[in-house]
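**Student:** Right, I'll just put the structure down here and ask away after.
A short reminder: the numbers here are calculations on the coordinates, not readings from a lab. Here the structure is a predicted model, which is why all the values come from computation and not from measurement. Cβ coordinates were reconstructed from backbone atoms using ideal geometry, including for glycine residues, and neighbour counts include every protein chain displayed.
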């Protein structure tokens, strides 16, 4: 299990961790399942920034951008790079081989740049609303954690790799359907109970907020599933870029859902 922890944090964060001693299909699958825990550093930063915004020490818009900057730094902007590469690949034509070749290049084209800019603008707009209050901050954190479920979504059994090398080839098919469903269910349950408890303390409608948190998790996962399905249909399988793009799309979808939940709840 130690190797799985090291692989998860070494792959998805910029934190200095030791190299795993053994990398097997089991270790890779466990690392994908552990991906939500790698948001812990960013999660703490978002809570601190949410506190700063809710107490009026800094404008919510500034805090929202800082949250995005911190998250990008902690992940080495790896997921944003995946989003850019996938956007460039999918807009290069309908030939899978050509799309994969474009994705392999290190440069970013107009489609990739537009995808990253639009995703960051959407994230910032949502976070400016969410980080202004304790309940919104909690729902933003739920979306952040749930976005890393995209790793297990893309590594689910039955999903082939798009090429014979890279991260996609290593993790494809390493997570069973039962493991994926169990993980999504556990995250949804914990999110619902946690947000319900917090909203009760704040004097809001606790069960409504709890159900809203569950909805955020499900919408976030749906964003990852849609991205993976489209990529598999166009490319024939998953790659590391597909996983990164799925994370970013899932996060944006989850933040939008969280913003809707906060807006419609009777008390913030």
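**Student:** Calculate the radius of gyration of the Cα atoms of segment 1-75 to one decimal place, then report Dmax, the largest Cα-Cα distance, as a whole number, both in Å.
**Tutor:** Reported Rg and Dmax, both Å: 15.5, 49.
**Student:** Report the gain in length on full extension from residue 189 to residue 97: 0.36 nm times residue separation, minus Cα-Cα distance, nm rounded to one decimal.
**Tutor:** Values: separation 92, 0.36 × 92 = 33.12 nm, distance 4.09 nm.
Once the chain is fully extended between residue 189 and residue 97, it gains 29.0 nm.
**Student:** To the nearest 0.05, how large is the calculated FRET efficiency for residue 104 and residue 201 if R₀ is 51 Å and r is the Cβ-Cβ distance?
**Tutor:** Between residue 104 and residue 201 the formula returns 0.55.
**Student:** Using the alpha-carbon atoms, what tilt in degrees (0 to 90, nearest 10) does helix 206-235 show relative to the longest principal axis of the chain?
**Tutor:** 20 degrees
**Student:** Between residue 118 and residue 233, take the C-beta separation as r, use R0 = 30 Å, and let me know the FRET efficiency to the nearest 0.05.
**Tutor:** 0.85
**Student:** Between the helical axis of 78-90 and the dominant principal axis of the chain, each derived from Cα atoms, what acute angle in degrees is found, rounded to the nearest 10?
**Tutor:** Value to nearest ten degrees: 60.
**Student:** From a point 7 Å beyond the Cα of residue 165 in the direction of its Cβ, which residues of segment 97-118 have a backbone N at a distance under 20 Å?
**Tutor:** Zone members listed by number: 97-108.
**Student:** If you line up the long axis of helix 40-54 against the longest principal axis of the chain, both from Cα atoms, how many degrees apart are they, to the nearest 10?
**Tutor:** 30 degrees
**Student:** If I model a spin label at residue 73 and residue 51 as a point 7 Å from the Cα along the Cα→Cβ vector, what separation in nanometres do I get?
**Tutor:** For the pair residue 73/residue 51, the computed spacing is 1.8 nm.
**Student:** Moving on. What ratio of Cα Rg to 2.2 N^0.38 Å holds for segment 48-104?
**Tutor:** Rg over 2.2 N^0.38 Å, computed on Cα atoms: 1.71.
**Student:** Still on this structure: How compact and how long is segment 43-192, expressed as Rg and Dmax of its alpha-carbon atoms in Å?
**Tutor:** Cα only, segment 43-192: 17.8, 52 Å (Rg, Dmax).
**Student:** Moving on to the next point. For the chain, what is the convex hull volume of the alpha-carbon atoms per residue, in Å³?
**Tutor:** Details: hull volume 30.9 nm³, N = 268.
Convex hull volume per residue, Cα atoms: 115 Å³.
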